[in-house]
Amino acid sequence: MARWLPRATDLTRFCQKLNRVKTLEDDMMETSFNRCLSTIDLTLLGIGGMVGSGLYVLTGTVAKEIAGPAVIVSFIIAGFASLLAALCYAEFGARVPKTGSAYMFTYVSVGEIWAFLIGWNVLLEYMIGGAAVARAWSGYLDSIFNHKIKNFTETHVGAWQVPFLARYPDFLAAAILLVATAFISFGAKVSSWLNHVFSAISMGVILFILVMGFVLAQPKNWSTQEGGFAPYGLSGIMAGTATCFYAFVGFDVIAASSEEARNPQRAVPRAIAFSLGLATGAYILVSVVLTLMVPWHTLDPDSALADAFYRRGYAWAGFLVAAGSICAMNTVLLSNLFSLPRIVYAMAEDGLFFQVFSRVHPRTQVPVIGIVVFGLLMALLALVFDLEALVQFLSIGTLLAYTFVAASIIVLRFQQQKGDVPAPAASGQPNPEPHEGPSSGELKEYESFSDKLQLVDRDKSKGQREPGQLKAAFEPYLEFLSDFYPGEVVTVAVVTLMVSAICLCSILVFGNTHLHLPTWSYSLLLVLFSLGFLLSLLLIWAHEQQHSTQTFQIPLVPLSPALSIILNIYLMLKLSYMTWLRFTIWLLLGLLVYFGYGIWHSKENLREPRPQRVSARYVVFPGGSLEERVQAVQPSSQPATGLPDTDTDDCKR
C-alpha cells in the first residue's frame, strides 16, 4: 500500500513547480505591442475606467439600499483603500513594464499557481465589469425613452423570474458590447482616440451635475425626518465600502497597459495618481449632490442622477445627464475590453492559458482573438445576468487581486535584485549554499573552489548588507535569524501576517453576529491576532530592503502594503455568503484549467535548471580566519577514476 503513496521528494518537486516564479527578460522594454501611449493617454484611460456606471448608477444603488447618505463615507474609505493598492500597482507597473497587471506582479514575486488564480479572477473581474456597465448603459438609454425598450422586450420576448438573472434579456447591452469589441480590434491608437472623446464629454457632464446639483441642494434631506445621515450605521457604511470598490477598479487598466506606454517608468505612477485622485473627488462630490437633491430612500437605483433632475422639475437637465452618462459608460466599456485581452495574452504567452490567445495581429498589434472571444463572453453575461449580482461578484475578485499585489510588494522589496550574489550573514559566516552544512562546525561543500573564494572575498565587506538580511541594529536580539537565506524570513513573516489579518478580520466581522462570542473571548482573540499581525510587521521591518532603484517606490514599506492587506481582507469578509459561494466555484474551475493545462504548458518548465554533473567537490575545514584548509574529495555519484589531480595545501588570498 505504501508504494502508491507519493515520495517526499516528489511532493517537494511538485510544490516547487506550483511556487516557481517568472523569469523576466533582460530588456523589459522589448515587446510585440506598439508603445504609443503617453501619460495623458494612460490618465484618461484610467479616468474612463473609473468614472462610468459607478458614478451614475452605483451611487444611487448604495445610497438607497446599503448606506444612505453615508455613501459619501463609503467612497472615502474605498478611495483610501484603493490608494494603498494603487501605489502598489504603480511601483510594480514602473519596475515591470509588462502587460498582465496583478497576474504578472504576482508571478514575478510570489509563485505560479497564485499568479494563475489572480489572473483567473482578474479575467472574471473585467468580464463582469464590462457586462455590468453595458447593462447600466442600456438602463440609462431606456430611461431617456421612458422605459419603452424594457416594456417592448418584456411584452414580445418575455420576462424571467430566476434568482441572479435579469428580468428580461438585455439585447441592447449585448449589442453595445459587440460594437465596442469591433472598435477595440482596430488597435491601441483608435481605442485611445475614442476614449479621449468620450472622457471629455463625461467630464463636462460631471461639472454640470456638480454646479446644478449644489444649486438644487436641500440640507433637510440629511435630517432625521428623512432617516438621518447614516441610517444603516457603521455596518452599512462598511458594507457600502466593499461594494463601492467597483468604482475604483479602473486604475488597473493603467498597469495592464504599461507594455504599450512610451515611458512606463514615469507614465504609469503619474497616470495612476492623477486618475485615482480625480475619480475619488468626483465620486465624493456627486454623492453629496445626489443625496442633497432628493431624499435618499426615494432614489431610483437604475438611473439615480437623471431621475433626481426629472423629479426636481428639470427634465432637460435629466436628459443631458442621461446622455452624458452614456458617454461615460462608453469609456468604461472601452477600458474593460482594452485590458481583458491583454491579461489573457500575458497568461497565454507564459503557457498558463491556451496558446491561441497569445497571437498578436501583425498590423493592428493587438490580440484580436482574445478581444473577439471575450467580447462575446461579455455580451452573453450582459444579456442574462442582473447588475447587482454582477457588482457583488466583481468586488471580491478586485479585493483579492489588491491583497496579493500588496503582499507581492513586500516580498519583492526584500528580495535581492537580479544578478546579486548572496552576501555573508551578519555573524560573519557565509550563507548556506545548496551543499553546505547548517553550522560552521560542520564540513561545508562547494561546487567549485572559485565559489568559495568569491564568498571569502565578500566576507571582507560584511558591513554592506543585502536586501532581505537582518539589520545590524537587530542582530544582537535576533541572531538566530542570520542562518536563513536573505528574504526567507520575510516571506514566512508575510504569510503569518496574512493569516493573522484573516483571523483578526474574521473576529471583527463575525465575532458578535455569527459566532456570538462572549466579551472576554472576543477581546482576547482580538488582542492575540493583533499581536500576531504587529509582530509579523515588525519582523519584516527588521530586515534590509531595496532602496537603490530608478523607478517609483511606494513609501512606508511594509506598513502601507500591510494596511492595504488588512483593509482588503476586512472588506472581502463583509460581502455576502452567496458571493463567496460563486467565487469558490469560479476558483475550482480555475484550478481545473491550471492542473489540466497550465502546469503542463508553463514556459517556466523549459527554464528549470537541469541536474549538473559535478566533476569535483571541495570540503572546507573550519578555520579561525579567512585562511581555510581545502581538500578535494570524490563526488559520491562518480567513480574514483574521475578525481582531478588536486593537491591538498593551504590556499591564501
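Listing for the model above:
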quantity	calculated
So I113, is it surrounded by fewer than 24 Cβ atoms within 10 Å (Cβ to Cβ), in contact with a Gly (Cβ under 6 Å, 6 or more places away or on another chain) and more than 23 Å from A271 (Cβ to Cβ)	no
Hits in the range 192-218 (condition: touching a residue at least 12 places away in the same chain (Cβ under 8 Å) and more than 17 Å from I326 (Cα to Cα))	S192, L210, M212, G213, F214, L216, A217, Q218
Lone unmet requirement of (1) touching a strand residue (DSSP E or B) at 6+ places or on another chain (Cβ under 8 Å); (2) part of a helix (DSSP H, G or I) for P69	(1)
Test: A173 is touching a residue at least 24 places away in the same chain (Cβ under 8 Å) and farther than 30 Å from R35 by Cα	yes
Number of the exception - L394 against (1) closer than 23 Å to F92 by Cα; (2) buried (at least 21 other Cβ atoms within 10 Å of the Cβ); (3) at pLDDT below 65	(3)
Residue in the range 509-530 that is touching a residue at least 60 places away in the same chain (Cβ under 8 Å), in a helix (DSSP H, G or I) and of a type in the set (G, A, S) present	no
Lone qualifier among L45, L18 - being assigned by the TED database to the domain that holds D252 and at pLDDT 85 or above	L45
Boolean, L84 is open to solvent by 10 Å² or more (accessible area, probe 1.4 Å), assigned by the TED database to the domain that holds A131 and under 28 Å from S287 (Cβ atoms)	yes
Hits in the range 184-205 - residues which are part of a loop (DSSP other than H, G, I, E, B) and open to solvent by 50 Å² or more (accessible area, probe 1.4 Å)	F186
Any chance P486 is assigned by the TED database to the domain that holds A562, free of Cβ contacts under 8 Å to residues at least 60 places away in the same chain, assigned to a loop (DSSP other than H, G, I, E, B) and open to solvent by 20 Å² or more (accessible area, probe 1.4 Å)	no
Set I47, I40: member being surrounded by fewer than 24 Cβ atoms within 10 Å (Cβ to Cβ), at negative phi and not hydroxyl-bearing (S, T, Y)	I40
Any pair with Cβ under 8 angstrom, 6 or more apart, that starts in the range 6-24 at a residue that is without any contact (Cβ under 8 Å) to a residue 60 or more places away in the chain and ends at one that is in a helix (DSSP H, G or I) and of a type outside the set (G, A, S)	P6/F14
Single residue of the range 333-374 satisfying the filter (over 22 Å from M104 (Cβ atoms) and in contact with a helix residue (DSSP H, G or I) (Cβ under 7 Å, 6 or more places away or on another chain)) that is surrounded by the most Cβ atoms within 10 Å (Cβ to Cβ)	L333
Odd one out for L535, checked against (1) open to solvent by 40 Å² or more (accessible area, probe 1.4 Å); (2) in a loop (DSSP other than H, G, I, E, B)	(2)
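Per-residue answers, yes or no, for (1) open to solvent by less than 20 Å² (accessible area, probe 1.4 Å); (2) assigned by the TED database to the domain that holds S602; (3) not in a helix (DSSP H, G or I):
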| residue | (1), (2), (3) |
| --- | --- |
| F92 | yes, no, no |
| T106 | yes, no, no |
| S109 | yes, no, yes |
| N121 | yes, no, no |
| I128 | yes, no, no |
| A136 | yes, no, no |
| T153 | yes, no, no |
| P163 | no, no, yes |
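The values are calculated or read from the model by the stated rules, or taken from the named source; none is laboratory data. Nothing here was measured: the structure is a model prediction, and the numbers come from that model. Neighbour counts run over all protein chains shown; Cβ positions are idealised from the backbone, glycine included. With ligands, DNA and RNA removed, areas are computed over all heavy atoms of the protein, side chains included. Shrake-Rupley method; radii C 1.70, N 1.55, O 1.52, S 1.80 Å.
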